[in-house]
């Protein structure tokens, strides 16, 4: 069905373009026809947007994956990342120490690390990365924010001795990373009885370019420069991240300069579009819409994915998508638009018919949202597993002739007093089919 609609949209777009070309030669009626062409083209664009395929799901950011061929993670906004190990070894008496060096994200430096999470609990770290509490003397974690040219490499804690295979030259410049060392509880065997614990960081990730903070951009004010990553700042605005992905992330040259304005600064993440190929005003408008609505980005993409698919994934969190328009990459955000032309009934032939749909509040629930809940353990979304709940009672309440409510009462067999109420607004006619 979507393929057929897309074909219709392409035909409508072609007709609109043809009408727009012919309209100037038709005299007074040409203005009306041009207005109709604009409306038709808008419809074609909307149809194309609605039928566009959604980006595929990515891997979990909460999984600590040991993969020697792992791609580079690129984390945006304030989010949780388990990390991707790039070096692992054991050492000490009876190999009691096991160490990991983990990349949190490329495109550093990040803004800041906030919380180290072990088994869904915040783990406090002290001097030399030493863990406190129950892991005191058995766990260490040291970090770097990923400066473009890292001054020194991560070093093993003094209490554990040197980390084999990791030298002063192992700097991981441009990568936010940590060194995580675990000590086996040889005497009691209690510390890691269940294996390596679930781990990760909550952090404010990569910095972005904002044209609104660039005094060289019309209407902008500030030190941001599109070709100099050192002037960029942290933000969780999705459209600024999408713009930055189009610009690309680069390594530093020998002079510690990173950005498209500097020779020797090599692109390693993102698209790498030149400034003249980007429709900056559209990104500014989209960023303002995102700020006004409180839309934020929080998540990770990976370097082995298609770049255009990543761009669409990032833009999706800002309520829109990137589009190719007039030889440039533009931002298209779903928001009310100012009318370019008003078409009345007198401009049309035949009666006017406006199709309607139920208001947002009356539509049926069709999705089960999932999210990372810091309060309930990242990765769990704060929701119980459906298999843990049993249907206890079912009630139907009819509100009027056409709509009603389906109220379900669930309980856990292991906790009879732990109840979960679910109320769904659905059409009465479909409720009958549901209960059939």
### Task
Mind telling me which of the residues 128, 147 ends up being closer than 15 Å to residue 171 by Cα, out of contact with any helix residue (DSSP H, G or I) (no Cβ under 8 Å at 6 or more places or on another chain) and without any contact (Cβ under 8 Å) to a residue 60 or more places away in the chain?
147
### Query
Does residue 139 satisfy being in contact with a strand residue (DSSP E or B) (Cβ under 7 Å, 6 or more places away or on another chain) and under 28 Å from residue 230 (Cβ atoms)?
no
## Note on the structure
Screening 315, 252, 258 for residues that are in a loop (DSSP other than H, G, I, E, B) and touching a helix residue (DSSP H, G or I) at 6+ places or on another chain (Cβ under 6 Å) leaves only 258
### Task
Return only the number of the condition from (1) at pLDDT 95 or above; (2) in a loop (DSSP other than H, G, I, E, B) that residue 189 does not satisfy.
(1)
### Query
Mind checking which residues of the range 304-320 are touching a strand residue (DSSP E or B) at 6+ places or on another chain (Cβ under 6 Å) and either buried (at least 21 other Cβ atoms within 10 Å of the Cβ) or closer than 20 Å to residue 107 by Cα (or both)?
310, 311, 312, 315, 320
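State which residue is nearest to the chain's Cα centre (by Cα) when the search covers only the range 122-146 and only residues that are in a loop (DSSP other than H, G, I, E, B) and closer than 12 Å to residue 201 by Cβ.
145
The values are calculated or read from the model by the stated rules, or taken from the named source; none is laboratory data. The model shown is predicted, which means the values in this text are computed figures rather than measured ones. Cβ sites come from the backbone with ideal geometry, for glycine too, and all protein chains shown count toward neighbours.
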